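Below you'll find the structure, written out as C-alpha cells, and then a few comments.
The values are calculated or read from the model by the stated rules, or taken from the named source; none is laboratory data. Everything quoted here is computed from the prediction, not taken from an experiment. Glycine gets a Cβ as well: all are built from the backbone with ideal geometry, and neighbour counts include every protein chain shown. What goes into the accessible areas is simple: the full protein's heavy atoms, side chains included, and nothing from ligands, DNA or RNA. Shrake-Rupley method; radii C 1.70, N 1.55, O 1.52, S 1.80 Å.
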Amino acid sequence: MEAGGFEPLAAPFLPPDVEAWRKAAAKAAGEGGLGRLVRHTLDRIAVDPLYAPPLGNAQPVAAPAGGWPSGWEVAQPHRHPDPATANRQIREDLGNGATAAIVRLDRALARGGEVPDGVLAYDRDAFARLLDGLAPEQVVLEAGARALNVADALAGEAARVAADPIGAVLEGAPVDPEDELARLLAAMPASPRLFLVADGRPWHAAGASEAQELAATLATWLFCLRALEARGFTVEEAADRIELVLAVDDDLFLSLAKLRAARLVAERILEASGVADAAARVRIRAETGQRMLARLDPWVNILRTTVAAFAAVAGGAEAVTVVPFDRPLQEPSPLARRIARNVQLILREEAGLGRVRDPAAGSWYVGHLTRSLAETAFEGTRRIEEEGGILAALRSGRPQAEVATTRGERERLLAGRALELTGVSAFPTLEERAPPAPEPVDLEPALTAARAALANAGSRAVESGIAPLPRIRLAEPFERLRERADAAARRRGARPSIPVVGLGRPAELHDLSTWVENLLAVGGIGALRLRAEGDPIATARGAPAAVLCVGASAAERAAEQVAALRGAGVKRIWVAGTAPASIDEADRLAPGLDVLAFHDTLHRLLGIGGEGERG
C-alpha cells in the first residue's frame, strides 16, 4: 500500500514480462510474427502494435508549449450564395453556441464559372446585407485572391479578412501570388483586421499525406513571415498576423499528432528567430477535411466530423470548424448546420474536452507520431527552402507531383479496401434515407448583382506559372459506380442483381454470404440468395454473372457446382470461400480484391452505364 493508504491500481496484476508478451503476440499474429503487426503511414512512418519503455520504442518527446485553450473558438463555416440568407444563418449559429463565422466569399464567378462556390458579395450593398448586425470580431471573410479588394470595400472595420494568395493560386485563381502579396503587405499596416493564412486544406483536399500537408503549410508560413519582416514588421508582429489552417479527418491519432507537430515545429522556428514567447505567437485553426465526406449514406459523415473535431480539440487548435455533413450533396440544411455546431458544444460542455491540456501527452504512441511527423515535415520544409521557397517549389511542380503519387497510392488502398469508407466501400446500404433539403432561395438577384459588379471591375487575369491542385473526395469512384447502378434501377424498374449461390452448411455460409452481399452493394448490385441444395440452376439460368459461396464442408463439390452454373449459361462466375485454389472457368473473390475493377467488369456484364443511364 502506498503512502496515504491508497493501493496502486495495478496491484492485482502480475508484473509485465516483456519476453512473454513478445511470444504471445507473435503467436497471435501467426505467420510473419510481430512484423506482421507493424503498419506504415503514407509518409512511411512505422507504427508498432504497442509502445512501452520495456519494448525500447517509447522515446520522450517535447510537447508544444502553446495551444489547448480552455475555450476554443467554435468557428461555423458559411458559404450560402445569397448574402441576406448567409447573414440570417450566421445570426442563427452565433445565437446558438457558435462563437465565430468563417465565411467563404465566392471565387467561381470571378474565374468565369456559372455556379457560385461562396457568398456572392461583390459590392458594398452585398457586404452590407451579409454583415448587417454582426460584430467585426465574430466574422472572418475568406476572400481568396479578392482579399485586398474586400478589405478596401469594408474599410477594414466590418470583419476580419483572411488573405491567402498562395492558396488562391492552388485553387486556380489567375493571379501572381508575389504581386498580390506585395499589395497586401502595403495595405496591412493600415488594416489591422487583414491577416495572412498559411493553408493546408488545398493539400489535404488533393490527397496529400500528413507530412506533405505540414511541409507545404509551414513553408507557406515561413514565406509570409519573411515577407512581413521585410516590410518592417518585427518577427513577433509578423507571427501575430498569420494563421495556420490545417485539415483534420477521421484518422484520430494522425490528425491530432499533425496539429501537435505543426505547433512544435512553428514554435521551434520562432524560438530560433529570437522570439521569447513563441508559444503565444502560433495560432492554428483546424477544419474537418472535405475529402473524407461522402454523398452515399451521408449520415456517416456526422461520425467522421465528430472524430475529426475531437482530434482538432485534443490536438490543441485555438479554433475549430466542423463542415456540415450534407456539404457534398447540397447547400447545408438547418439540421446539418445545427449538428455541426452541436458536435463542438457537446465536446466542450458534456465531454469536458477543454478541461484537460494536451490530453494525449501521456501516450507513447502519440508522442512517436508527433515526433516522426515533425521530423518528416521539417525535412520537407527544408527541402522546399533549398529549392528557393514555396513559390519556386510550386513553379517546379515537384510538390504537386509528389502529392499526385500519394493520391494514387491512397486510391489503390481504397480500391483494395485496405482503407475502408463506412457506408461507401464497407457496410453500404442500398436503401438510403436522404437528408432534409435546404431552404429554397431565389439566387437570381444576387447573381445579377454579382455579374454587374464583376463587369464594372474589369479583369486582371495573370498567368502564375503554378499548377493548381485538384480537389478530391475519397468516395467519388465508388459514388460513380452507385450512380450508374441506381440509374439502371430507375430505368428498369428493379435493381440490377445477380445470383449468390450458397454451397455448404448455413452456419458456415452466413458470414461469407453477408460479405459477398456487401461487396455487391458497394457497386449498387443486389444479391439473389440461392441454396445449392435447392434448384439454383433454374433461377441462375442465363444470368450474366453469379457468385458461388463455398463453405469448408462442401469444398470438394465446388468444381461440380461451377460446371453446373456454366452449363446453365452463366457467363461469368466468381467463387468465394474455401474452394480449391484453382477451379476452371471461375474467378476468386477474396479480401484485397480491387473492388472498383471488379464492379467495372460486373457492370459491363449487366449492361449498366449504357444509353439512358448516367456514368
Exercise for review: Please work out which residue is nearest to I45 (Cα to Cα), limiting yourself to the range 352-381 and to residues that are open to solvent by less than 50 Å² (accessible area, probe 1.4 Å) and of a type in the set (D, E, K, R).
Suggested key: R371
Revision key, fill the gap. If you go through V424, V441, the only one that is part of a loop (DSSP other than H, G, I, E, B) and either touching a His at 6+ places or on another chain (Cβ under 9 Å) or more than 30 Å from G523 (Cβ to Cβ) (or both) is V441
Point to revise | Count of residues meeting criterion [without any contact (Cβ under 8 Å) to a residue 24 or more places away in the chain and surrounded by 15 or more Cβ atoms within 10 Å (Cβ to Cβ)] in the range 508-524 | key: 1
Point to revise | Top-ranked residue in the range 235-289 [being among the polar types (S, T, N, Q) and farther than 14 Å from L214 by Cβ; ranked as surrounded by the fewest Cβ atoms within 10 Å (Cβ to Cβ)] | key: S273
Point to revise | Residues satisfying the stated conditions in the range 17-47, i.e. open to solvent by 50 Å² or more (accessible area, probe 1.4 Å) and either in contact (Cβ under 8 Å) with a residue 40 or more places away in the chain or in a loop (DSSP other than H, G, I, E, B) (or both) | key: D17, E31, G32, R44
Exercise for review: Pairs only if they're at least six apart or on different chains, beta carbon under 6 angstrom, first in the range 65-87 and under 15 Å from Y122 (Cα atoms), second surrounded by 23 or more Cβ atoms within 10 Å (Cβ to Cβ) and among the β-branched types (V, I, T); list them, first residue then second.
Suggested key: P83/V119; A86/V119
Review point. Is the range 91-106 home to any residue that is surrounded by fewer than 22 Cβ atoms within 10 Å (Cβ to Cβ), free of Cβ contacts under 8 Å to residues at least 60 places away in the same chain and under 18 Å from P468 (Cβ atoms)?
Key: yes
Revision key, fill the gap. Within the range 155-172, the residues that are surrounded by fewer than 24 Cβ atoms within 10 Å (Cβ to Cβ) and hydrophobic (A, V, I, L, M, F, W, C) are A155, A158
Exercise for review: Confirm whether R407 is open to solvent by 20 Å² or more (accessible area, probe 1.4 Å), within 30 Å of L593 (Cα to Cα) and in contact (Cβ under 8 Å) with a residue 40 or more places away in the chain.
Suggested key: yes
Review point. Residues in the range 314-351 that are of a type in the set (A, V, I, L, M) and open to solvent by 10 Å² or more (accessible area, probe 1.4 Å): how many?
Key: 8
Exercise for review: Answer with yes or no whether F310 is open to solvent by 20 Å² or more (accessible area, probe 1.4 Å) and under 16 Å from the mean Cα position of the chain (by Cα).
Suggested key: yes
Check your understanding: For V150, are the conditions met, namely being in a loop (DSSP other than H, G, I, E, B) and either of a type in the set (S, T, N, Q) or open to solvent by less than 30 Å² (accessible area, probe 1.4 Å) (or both)?
Key -> no
Practice item. Could you please find all residues in the range 568-586 being modelled with pLDDT under 90 and more than 14 Å from C549 (Cβ to Cβ)? Key: P580, A581, S582, D584, E585
Practice item. Of the numbered conditions (1) open to solvent by less than 60 Å² (accessible area, probe 1.4 Å); (2) under 16 Å from A100 (Cβ atoms); (3) at pLDDT below 95; (4) not basic (K, R), E137 fails exactly one; give the number of that condition. Key: (1)
Check your understanding: Can you tell which of A554, A527 is small (G, A, S) and either out of contact with any Asp or Glu (no Cβ under 6 Å at 6 or more places or on another chain) or free of Cβ contacts under 8 Å to residues at least 24 places away in the same chain (or both)?
Key -> A554
Check your understanding: Taking the range 508-564, which residues are outside any helix (DSSP H, G or I) and over 26 Å from L596 (Cβ atoms)?
Key -> L530, R531, A532, E533, G534, D535, R541, G542, G551
**Study point:** Residue that is least open to solvent (accessible area, probe 1.4 Å), among those in the range 527-544 that are within 17 Å of S513 (Cα to Cα) and touching a helix residue (DSSP H, G or I) at 6+ places or on another chain (Cβ under 7 Å)
**Key:** A540
Review point. What are the residues in the range 353-394 that are out of contact with any Phe, Trp or Tyr (no Cβ under 9 Å at 6 or more places or on another chain), outside any helix (DSSP H, G or I) and closer than 18 Å to K258 by Cβ, if any?
Key: A361
